[in-house]
1. Please find, among Gln329, Gln293, the residue that is surrounded by fewer than 19 Cβ atoms within 10 Å (Cβ to Cβ) and either of a type outside the set (Lys, Arg) or touching an Asp or Glu at 6+ places or on another chain (Cβ under 8 Å) (or both).
2. Residues that are in contact with a strand residue (DSSP E or B) (Cβ under 7 Å, 6 or more places away or on another chain) and over 30 Å from Lys65 (Cβ atoms): find the strands (runs of 3 or more DSSP E) completely inside region 80-164 holding 1 or more of those.
3. Go through (1) in a strand (DSSP E or B); (2) under 25 Å from Leu71 (Cα atoms) one by one and return the number of the condition Ala194 breaks.
4. One residue is enough: does region 44-53 have a residue meeting the conditions in contact with a strand residue (DSSP E or B) (Cβ under 8 Å, 6 or more places away or on another chain), loosely packed, with under 14 Cβ neighbours inside 10 Å and not polar (S, T, N, Q)?
5. Between residues in region 326-355 that are assigned to a helix (DSSP H, G or I) and residues that are among the acidic types (Asp, Glu), which pairs lie under 6 Å by C-beta distance while being six or more apart or on different chains?
6. Does region 235-257 include one or more residues that are closer than 30 Å to Tyr129 by Cα, of a type outside the set (Lys, Arg) and under 24 Å from the mean Cα position of the chain (by Cα)?
7. Please name all residue pairs, on different chains or six or more residues apart, with Cβ atoms under 6 Å, provided the first residue is in region 148-167 and is surrounded by fewer than 18 Cβ atoms within 10 Å (Cβ to Cβ) and of a type in the set (S, T, N, Q) and the second residue is part of a helix (DSSP H, G or I) and modelled with pLDDT of 95 or more.
Amino acid sequence: MFIKNPFPDAFGLDIGDLSLKLVQLTKIKNWSNGDHFKIKYSNVIPLPPGYIVNGEIQQPEMVRKKLMQLLGKEGVGKKITSPWVVADLPEPQTFLTSIEFNLLPEQITREDVEYQCKKHLPFDLEEAYIDYQIIDTKNNPLTTRILIGAVPKKISDAYTYLLESAGLQPLALEIEALAIARALADDSVLGAHAILDLGATRSAIIIYDKGGVRFSTSINFSGELITTALQQELKLEYKQADDLKIKNGLNYDKECPRYLKIVDELVNNLIADIKKILTYYQNHYSFTAEIEQISLCGGMTEMQNLHATISRRLKIRCVPGTAWSNIKQESINDNLKKNGLTLVSATGLAMRAALNPYTE
């Protein structure tokens with residue numbers, strides 16, 4: 001067993017539809033308060049629309065060129081010399097849930113897990129990679145809960161090929177929800193904790209309960225969805241619609257009276273979806289706690305009046321997530337402080353990379 005990380009300078013890489021984000025951390029020795037880190041390097045490079053769509057790589061060579069730029073191997077910028085990377089797999093293309101077995105942990109075999117996967121997976125087992133881990137629960141000593149993750153082979157293989165074509169050695173490909181939870185989960189919340197990741201092109205909700213992720217699923221909401229609705233309904237150019245969204249958020253605009261009605265309808269749909277998902281979680285998972293808090297992350301977190309509106313309509317405390325909670329504050333510059341909630345997935349991946357990735 002390794003005492004320290006055998007992969008020096010390993011880093012986290014978040015591969016999104018519209019950007020590539022890199023975070024490299026250094027672990028700080030802290031014997032009493034858990035793992036803490038400081039930022040060694042971070043970088044973000046945008047991707048033009050269409051290179052990656054819904055997590056599927058459509059233009060692999062163009063994405064590879066952008067990745068080479070991010071790594072400083074083409075063009076300007078700091079050159080990343082370490083080949084070791086922990087990257088994420090996109091939420092829309094993955095499946096994550098927990099399943100309860102009426103067996104003791106030592107009695108569960110991979111065949112047992114695969115049998116359950118056939119009943120729960122949204123795709124054929126033969127066409128997917130699956131992984132699982134036993135969740136330590138003391139609610140019922142006669143049952144065991146297992147967290148199961150799955151991804152279609154074609155998606156995982158495409159991401160592996162992309163990384164290797166850029167000269168990288170993937171230590172792990174991790175489901176995005178697990179990386180986000182590692183960076184944001186608040187163990188001080190007494191009940192269950194929901195993390196709402198609201199991004200530019202896609203969104204997801206993650207349920208964190210009893211010290212671990214229990215469930216995650218995609219939600220049909222994004223910044224692009226709002227911009228497109230404004231563009232179509234108000235007959236605006238794309239940039240005009242996007243600027244209007246950024247300026248107003250969820251506030252009334254007397255110069256554009258129809259604005260709030262358009263955006264509020266989409267937010268109502270978001271809140272209805274959240275209600276359905278939380279109800280599903282409470283009804284289909286045993287020994288669940290009440291959702292005490294919703295933490296927001298992603299590019300839409302800064303939308304004016306959004307978290308207050310969600311709090312009021314769901315009657316659940318909703319707050320922006322605490323980015324960099326495990327990071328030494330002196331290593332965070334002003335730009336990182338401003339953009340921390342858009343980097344949570346890359347940060348969670350970097351936290352795993354800075355430890356021994358094989359023991360996480």
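1. On the way: Gln293 fails: surrounded by fewer than 19 Cβ atoms within 10 Å (Cβ to Cβ).
Just a single option satisfies the conditions, and that option is Gln329.
2. On the way: elements: 84-89, 95-101, 128-135, 144-152.
By residue number, 95-101, 128-135, 144-152.
3. (2)
4. As a first pass, look at region 44-53 and keep what is in contact with a strand residue (DSSP E or B) (Cβ under 8 Å, 6 or more places away or on another chain): 44-47, 51-52.
Right, trim to loosely packed, with under 14 Cβ neighbours inside 10 Å and you get 46.
Pick out the ones that are also not polar (S, T, N, Q) and you get 46.
Scanning region 44-53, I find at least one residue that is in contact with a strand residue (DSSP E or B) (Cβ under 8 Å, 6 or more places away or on another chain), loosely packed, with under 14 Cβ neighbours inside 10 Å and not polar (S, T, N, Q), so the answer is yes.
5. Ser345/Asp14; Ser345/Asp88; Ser345/Glu176; Ala346/Asp14; Leu349/Asp88; Arg352/Glu360
6. The first filter runs over region 235-257 and keeps only residues closer than 30 Å to Tyr129 by Cα, leaving none.
So far as region 235-257 goes, no, none of its residues is closer than 30 Å to Tyr129 by Cα, of a type outside the set (Lys, Arg) and under 24 Å from the mean Cα position of the chain (by Cα).
7. Here the result reads Ser165/Arg64, each pair linking region 148-167 to a residue that is part of a helix (DSSP H, G or I) and modelled with pLDDT of 95 or more.
Yes or no, residue by residue, for (1) among the acidic types (Asp, Glu); (2) within 17 Å of Ser345 (Cβ to Cβ); (3) assigned to a loop (DSSP other than H, G, I, E, B); (4) in contact with a Leu (Cβ under 8 Å, 6 or more places away or on another chain):
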position	(1), (2), (3), (4)
Tyr208	no, yes, no, no
Arg214	no, no, no, yes
Gln232	no, no, no, no
Leu244	no, no, no, yes
Lys261	no, no, no, no
Leu266	no, no, no, yes
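The values are calculated or read from the model by the stated rules, or taken from the named source; none is laboratory data. The shown structure was predicted, so the numbers you read here are calculated from the model rather than taken from an experiment. Heads up, the Cβs are rebuilt from the backbone with ideal geometry, glycines too, and the neighbour counts pull from every protein chain shown.
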